[in-house]
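What follows is a short report on a single structure.
The values are calculated or read from the model by the stated rules, or taken from the named source; none is laboratory data. Bear in mind that the values here come from a model prediction, so they are computed numbers and not experimental data. Virtual Cβ from ideal backbone geometry, glycine too; neighbours counted across all protein chains shown. For accessibility, only protein heavy atoms count, side chains too; no ligands or nucleic acids. Shrake-Rupley method; radii C 1.70, N 1.55, O 1.52, S 1.80 Å.
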Number of protein chains: 4
Amino acid sequence: MLIDVINDFEFDEGAEDLMRFALPAARQIAALKERATSAGVSSIYVNDNFGKWRSDFRALIAHCIDDDTRGRPIVELLKPNDRDYFVLKPKHSGFYSTTLDLLLQHLGARTLILTGFSADICVLFTAADAYLRDYHLIIPSDCVASQNNDENERVLHYMKRVLKADIRESATIDLTAQSRTAELRG
Amino acid sequence: MLIDVINDFEFDEGAEDLMRFALPAARQIAALKERATSAGVSSIYVNDNFGKWRSDFRALIAHCIDDDTRGRPIVELLKPNDRDYFVLKPKHSGFYSTTLDLLLQHLGARTLILTGFSADICVLFTAADAYLRDYHLIIPSDCVASQNNDENERVLHYMKRVLKADIRESATIDLTAQSRTAELRG
Amino acid sequence: MLIDVINDFEFDEGAEDLMRFALPAARQIAALKERATSAGVSSIYVNDNFGKWRSDFRALIAHCIDDDTRGRPIVELLKPNDRDYFVLKPKHSGFYSTTLDLLLQHLGARTLILTGFSADICVLFTAADAYLRDYHLIIPSDCVASQNNDENERVLHYMKRVLKADIRESATIDLTAQSRTAELRG
Amino acid sequence: MLIDVINDFEFDEGAEDLMRFALPAARQIAALKERATSAGVSSIYVNDNFGKWRSDFRALIAHCIDDDTRGRPIVELLKPNDRDYFVLKPKHSGFYSTTLDLLLQHLGARTLILTGFSADICVLFTAADAYLRDYHLIIPSDCVASQNNDENERVLHYMKRVLKADIRESATIDLTAQSRTAELRG
C-alpha cells in the first residue's frame, strides 16, 4: 500500500524538509514494489484527493509530472501501472469514507505493508484504522518519511508498540512467503 | 444524482426489458440535468464499478460508447461533463463503502434528486440509505425505470410512503427554488 | 436475529393492525428461538432505541411489561435471557450506526435468520444492509409481520427475488445443520 | 466525553503505573464534569466493552465497585448519573462500530472535550477519528493520563500539532461560553 506518494509537494510549510527524507524512501518503495510485483503481490495507491472532488488519479499524476512540480522525481519513481489499484481518500486515513476496506476484503488481504508519507500523519491514521480492523501490519522503517526525523522514529516505535507493526527494513521482508499465504499487499 | 446510468446493458437477464423503459427515462433525466445546470445545481454520477476495481469512470464511458454496446444511446444522452462529480460504488447502495456522504456534506446538500436505474434495486437501496442519513428525497417518477413496470410503480409508492420521497414528474420540479436554498443535487 | 420485537406498540397509526399480525408471528419466533437455543445457536435482539439515547434495553423491557402496554403479550413471549445479545439501533437498519456488523464477525456468522416487525420497514432495511455485506439470509415468512398483509407478502417476495433470501416457514428450517456449520443466528 | 474511565484496572502490564497518573486526573475530570453539568453541558461516557458483548454499562460499574477492584476509587469519583449518555465501544476508537457520531449529531455538538485513559491509546484513536469528522477538540492536559508520563506529554503535543487540539488545563476552560454556543460536550 503506497500512501500519498503521488503529491506535488507544492505546499509551503515543511515541503522541502519532507522531500529530503521522502526521496530516499521513495527509492526503497520502488525497489520493494518491484519485488512485490515479481512475487505476485498487488499494490494499492491510497492517495489524497487534495480537496479536488472532481479529479481523478491519472489527472493528478499528469499534473505532478507535466507541471514540473517539486514532487516530480518521486512520482516518476513510483508511477502506477495498469495492474495497480488506487483509492482516493478525502481525509488523512485511507479507510475513512473510502472503499478501501471492501477492496481489501475482495483481495483477501489480511496483512498490509504500509509505505509512504508522512509517517506521523497519513500513515499513522491509516495504520490505526487498519489495526482496528484486525489487519496485520508491516511498516518498513526505510519506506516511510516525515518532515522531522525524530518524529519519524517516534511514530515508528509507537506503531510497533501499540499497533503491533513489524517495522523491519524493506530488504529483509520475505515477499514470496507473504505471497504463498495470499495475504500480502505491497 | 444519476444512479447507474453509465451501463453497457450487456447482461442477459432482462436487459432488453429494462432498456425499453430506461431510454425514455434517460431523455427525461437529460432534460432535468440541463435545467439543473442552468439553475447552478450540480450533478453527481453514482455508478457501479461492475466488479472492476481498477477501472475508472472515464474508461467505463469509453467502453459503453466505443464498443457499441446496448447501453450506448443512454450513455450518449447522459455523458458527464467536467463540472459533474462521480462516485464509483462497489455494491447496490451509493452510500455503502464510498465517499458519497462526505461529498454531499462538502457540497452542503440536504435535498437529493435521485434518478436512474433500476428503481427497484440500486435507486431503492441508495434512497433508503439517504433516508437514514436524514436527506430529503425527490425521486421524479419519469426519471427512474425498472425491468418490470408494475414493480417500478410499487417501489415508487413504497419510497413515497416509507422514505417520504416526493415522486412528482420532473417537469414540475422548481429547480430555481432548490438552488436558492443551495440544497439540491441533480 | 429478532428485530424490533421489544416495542410498546403505543403509537397511533396502525398499531392495532400491526399487532393483529405480530402476535401470531411472535409465537412462531418464540418457538424458533427455543429450537435455536437447543441447537446451540445464539440470538441477537436488534431493537429501536426509540429516540431515547440514554435508555438501555432492560429499561425498555420493564416499561413494556410493567406499564401494561399494548405490546406486553409479545414482549412476554420474547423476553431475552442472559445468553442473548442485544444491539440498540438509532434508525431503521440494524447495521446503521451500530456495532452489529462487528458483533456478527466476532460470532463468525455468515448466515442470518431475520425475524420481527415490521417486515416492510425495519426488517427490509436490515436485510438490504446484510445483503450488501454478503450475509446469506433466511427470513421465515411466518416470523415477520407488517401492518398490511399484502404489503407483507410483497416485501417477502422482493427479499426473495433481490436479496436471495430463503423465505421458507420456520418449522422447516434445519437448525442443527446451521449450527454444525457454526454459521447461524436465530 | 469521558473515555474508558470505568475500568477495573485488573490487568497485569502497567496497571499500577497507569493508576498512579489516572487517579489525580480522575479528580480533575470529576471537577470539570461538575462544572459542565452546572453549565448545562452534557457528559458522554465512551467505554470499552472489554470483549463482553452481552454486558451493559451498569453491570460494568457494579463489577468495578462491588468486586473491590483496583479501579474502584476512580469509578466512585466518576460514577455516571441519569442525565449522562454512554456508548460502549468494541475497539480503541470511540467512533469505530458505535453510534457515537450519530449521538453527537443528535446533540448538535461541534466541539468535544476529551478526557480519560489512556491518552496515548484510546484518547488518541478517538481524537483522530473526531478530527477526521471535523470536530473541534479540547483535550485538557490534566484530565488525561498514560502509563508513561513522557509518552503522555508527547501524545498531548502530537494532538495539539496535528489534530489542532486545545490542551489547556481544565480549570481555564470557560464552560459557560461553550454552553452558550450549545456546542460542548464535557
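Using a probe of 1.4 angstrom and keeping all protein chains present, the accessible surface of the range A:1-52 works out to 43 square angstrom per residue. The protection proxy used here, the mean number of other Cβ atoms lying within 10 Å of each residue, ranks peptides A:91-100, D:141-150, C:114-123 as follows, highest first: C:114-123, A:91-100, D:141-150. Using a probe of 1.4 Å on the protein chains alone, the accessible area found for D:ARG72 is around 80 Å².
In this assembly of identical copies, the label point of A:ALA177 (Cα plus 7 Å along Cα-to-Cβ) is separated from its counterparts by 4.3, 5.6, 6.8 nm, sorted shortest first.
Solvent-accessible area per residue in the range A:71-161 equals 34 Å², computed with a 1.4 angstrom probe and all protein chains kept. What is the range C:130-180 by shape, rounded, prolate or oblate, if you read a ≥ b ≥ c off the alpha carbon gyration tensor as root eigenvalues and call it rounded for a/c under 1.5, prolate for a/b larger than b/c, and oblate otherwise? The shape class here is oblate.
Shown is the FRET efficiency for C:ASP166 and B:PHE50, computed with R0 = 30 Å from the Cβ-Cβ distance and rounded to the nearest 0.05: 0.65.
By Cβ position, the chain C residue that hugs the axis carrying C onto D most closely, with its distance in whole Å, is C:ASP56, 3. Close amide H contacts of B:HIS136 (hydrogens built in the peptide plane, cut-off under 5 Å, sequence separation of 5 or more or a different chain): B:THR111, B:LEU112. When B:ASP56 is represented by a point 7 angstrom out along its Cα-to-C-beta vector, the spacings to that point in the other copies are 0.5, 5.2, 5.2 nm, nearest first.
In the range A:42-56, the residues that give up 10 Å² or more of accessible area when the other protein chains are added, compared with the chain on its own (1.4 Å probe), are A:TRP53, A:ARG54, A:ASP56.
Using the Cβ-Cβ distance between B:THR69 and D:HIS106 with R0 = 56 Å, the FRET efficiency computed as 1/(1 + (r/R0)^6) comes to roughly 0.75.
Pick from D:ASP166, D:ASP48, D:ASP84: which residue has the top mean-square fluctuation in a GNM of chain D where Cα pairs under 10 Å get a spring? Comparing D:ASP166, D:ASP48, D:ASP84 in the GNM, the peak value goes to D:ASP84. Do any of A:LYS33/A:LYS160; B:LYS79/C:LYS89; A:LYS33/C:LYS164; B:LYS33/D:LYS164; A:LYS91/D:LYS33 go past 30 Å between their Cα atoms, and which? Flagged as over cut-off: B:LYS79/C:LYS89; A:LYS33/C:LYS164; B:LYS33/D:LYS164; A:LYS91/D:LYS33.
Computed from protein heavy atoms with a 1.4 Å probe, the total accessible area buried between D and A is close to 1700 Å². The charge dipole of the range D:1-137, taken about its Cα centre with unit charges on the Cβ of Lys, Arg, Asp and Glu (plus for the first two, minus for the last two), comes to roughly 520 debye. The Cα-based radius of gyration and maximum Cα-Cα distance (Dmax) for the range D:53-186 are 15.2, 42 Å. Largest GNM mean-square fluctuation among D:PHE21, D:PHE86, D:PHE11, using chain D with Cα springs under 10 Å: D:PHE11. Taking the label point 7 Å along Cα→Cβ, A:GLU76 and its counterparts in the other copies are spaced 4.3, 7.0, 8.2 nm apart, in ascending order. For the protein assembly as shown, the gyration tensor built on C-alpha atoms gives an oblate shape. Its axis ratio a/c (a ≥ b ≥ c) is at least 1.5, and a/b is not larger than b/c. Entry note: the range A:15-132 has Rg to Rh equal to 0.93, where both radii use alpha-carbon atoms and Rh is the Kirkwood radius. Only protein atoms count toward the accessible area here, which uses a 1.4 Å probe; on the range D:1-60, the carbon and sulfur part of that area reaches 48 percent. The mean number of partner chain beta-carbon atoms within 10 angstrom of a residue's beta-carbon across peptide C:95-106 is 5. Burial annotation for the range B:113-137: residues with an accessible-area loss of at least 10 Å² between the isolated chain and the complete set of protein chains, computed on heavy atoms with a 1.4 Å probe, are B:ASP120, B:ILE121, B:LEU124, B:PHE125, B:ALA128, B:ASP129, B:TYR131, B:LEU132, B:ARG133, B:ASP134. Distant-in-sequence amide contacts of B:ILE167, defined by a placed amide H-H separation under 5 Å and a gap of 5 or more residues or a different chain, comprise B:ILE139. Comparing mean-square fluctuations of A:ARG35, A:ARG54, A:ARG27 from a GNM of chain A with C-alpha springs under 10 Å, the top value falls on A:ARG54. What FRET efficiency, computed as 1/(1 + (r/R0)^6) with R0 = 35 Å and r the Cβ-Cβ distance, is obtained for C:ASP150 and A:THR37, rounded to the nearest 0.05? The computed FRET efficiency comes out at 0.05. Take chain D and mark each of the GluC sites (Glu not before Pro) that is in a DSSP loop with at most 15 other Cβ atoms within 10 Å; the longest unmarked stretch, sites excluded, is D:14-168. Given axes a ≥ b ≥ c from the Cα gyration tensor, I'd like to know whether the range B:16-74 is rounded (a/c under 1.5), prolate (a/b larger than b/c) or oblate. Oblate, because a/c is 1.5 or more while a/b does not exceed b/c. Spatial offset of the range C:1-50 relative to the range D:33-76 amounts to 31 Å, using the alpha carbon center of each. Note on A:LYS79 and C:ALA62: the model spin-label points, each 7 Å out from Cα along the C-beta direction, lie 6.9 nm apart.
Report in % the part of the accessible area of the range B:68-186 that belongs to carbon and sulfur, leaving out ligands and nucleic acids; probe 1.4 Å. The nonpolar share, carbon plus sulfur, comes to 44 percent.
Percent of Cα pairs in the range A:1-43 per distance bin of 5 Å, from zero to the largest separation: 5, 20, 26, 20, 13, 9, 6, 2.
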